[in-house]
Every structure is written in C-alpha cells, then in structure tokens.
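Derivation of every value follows stated rules applied to the coordinates shown; laboratory data play no part. Keep in mind that what you see is a predicted model, and the values were worked out from it rather than measured. Please note: Cβ atoms are built from the backbone with ideal geometry, for glycine as well, and neighbour counts cover all protein chains shown.
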Amino acid sequence: MLEIFKPTWMVNSIYSVSPAQLKEQGIRAVFSDLDNTLIAWNNPDGTPELKEWMNALHEANIPLIVISNNSKERVAKAVNNLDLPFVSRSLKPLSFGIERARKKLGLEKKEVVMVGDQLLTDVAAANQAGIRSILVQPLLNTDKWDTRINRFFERRVWKKLMKKYPDLKWQEDLND
Ligand SMILES: [Mg+2]
C-alpha cells in the first residue's frame, strides 16, 4: 500500500532538472502539477527561474503539460500567462489525467514523468498510471484549506515512507 506514495526521485527544485538529465532517463515529456509546483498562489505569473526552465524544455523539444485537479476555468486562467497546455479535472490520485495526456502524445509510460509537490495526489497518480515521478518541495509553506487537510495525512504517510525506504533522500538533481 505504501509504495503507491513512493516517488521515483525527490528533488529540491525542479529547475535543477535539465533537459539533458531527462533525456538520459529516456523522458520525452514532462507532466506537472500546477499549484505550489509551478506557481505559487501569490505569484501567478511564475518566476524568472520557471520561465528559464520552461524555455530550456521547449528548446529541447520536451513538452510540458499541466495536470491539475482544478476546473478548466481555474487552470486556464492560471496558465494563461505561461502559455502551457493542460488537463483539468484530472482526478489525481487516479490515473485518468496522466493517461489522457500520455496517449495524446503517443508516448510510452517510461517516456513521461510526473512532477508534483504532493505524495497523496501527484505521486500516487503517477504510480497508479505506472509512470515515474519527481516530488518537489512546495513553493510556499501556506496552502489552500483543502490542501492543508491533505498535508495532515501526508505527514503521516511521509513518516512511514521514510521508515520503509530509508534510501529516499532529497536530491539536488536527478544525478545527485
Ligand atoms: Mg500542488
């Protein structure tokens, strides 16, 4: 049961994960959570680091697709300034959103990765979909109320996970 919450990698900042590193892993597309992974609620335009990372992916021909549980309206508004394709109402921790995006790209499971800040939604959805995942530190420590409830359960899962998989460590990048 616990393995459903086990990320493939845990990386402090996604901006340190270069296109070259992704390609080394055979990854050809990146799926990402939105809130607190790509953007913080108090900075909806994204940071210069995010834009730089997005440009690097774009130049390397690695599509970046937002997979969010939020409504179409909310996600469309949020990604408007970032000009990113997205899947809304993705039903994480279920695999539907990831599967939809992957099939649309015509890629195999081993060729995509899911990035997110939550074990209970992002990582669990990746594992249900049979793809690899990168857990990142949330951009902000404050969450919306629904996420705060998730965080309570997440802390309990986290403790068990660390006990069962003592090798899981926060890394600087995929090769760290
Ligand atoms: Mg999030």
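Could you tell me the calculated FRET efficiency between Lys164 and Lys109, based on Cβ-Cβ distance and R0 = 22 angstrom, to the nearest 0.05?
Working: r = 24 Å, r/R0 = 1.08.
Taking R0 as 22 Å, the efficiency between Lys164 and Lys109 is 0.40.
Could you calculate the contour length gain from Glu24 to Glu172, that is, 0.36 nm times the residue separation minus the distance between their Cα atoms, to one decimal place in nm?
Numbers: separation 148, 0.36 × 148 = 53.28 nm, distance 1.62 nm.
Net length gain for the segment: 51.7 nm.
Measuring nothing but how far apart in sequence close Cα pairs (under 8 Å, 6+ apart) lie, relative to its length, the chain scores a relative contact order of 34 percent. Just checking the listed ones, Thr121, Thr47, Thr37: in the Gaussian network model of the chain with Cα springs under 10 Å, the one fluctuating most is Thr47. Listed by chain and number, the lysines placed with their C-alpha closer than 21 angstrom to that of Lys104 are Lys23, Lys72, Lys92; residues fewer than eight positions away on the same chain are left out.
Put the Cα centre of the stretch 69-135 next to the Cα centre of the stretch 11-47 and the gap is 12 Å. Report the local net charge at Val30: Lys and Arg +1, Asp and Glu -1, summed over other residues whose C-beta lies under 13 Å from its C-beta. That works out to +1. GNM remark for the chain: springs join alpha carbons under 10 Å apart, and the peak mean-square fluctuation among Asp83, Asp122, Asp45 falls on Asp83.
Among residues other than Gly106 with Cβ under 14 Å from its Cβ, the summed charge is +4 (Lys and Arg +1, Asp and Glu -1).
Here the stretch 88-176 is described by how far its Cα atoms reach on the three principal axes: 36, 33, 23 Å, from widest to narrowest. P(r) tail, the chain: Cα-Cα pairs separated by more than 28 Å, 15% of all pairs. The amide H of Gln171, built 1.01 Å from its N in the peptide plane, has Met10, Val11, Asn12 as neighbours under 5 Å, considering only residues 5 or more places off or on other chains.
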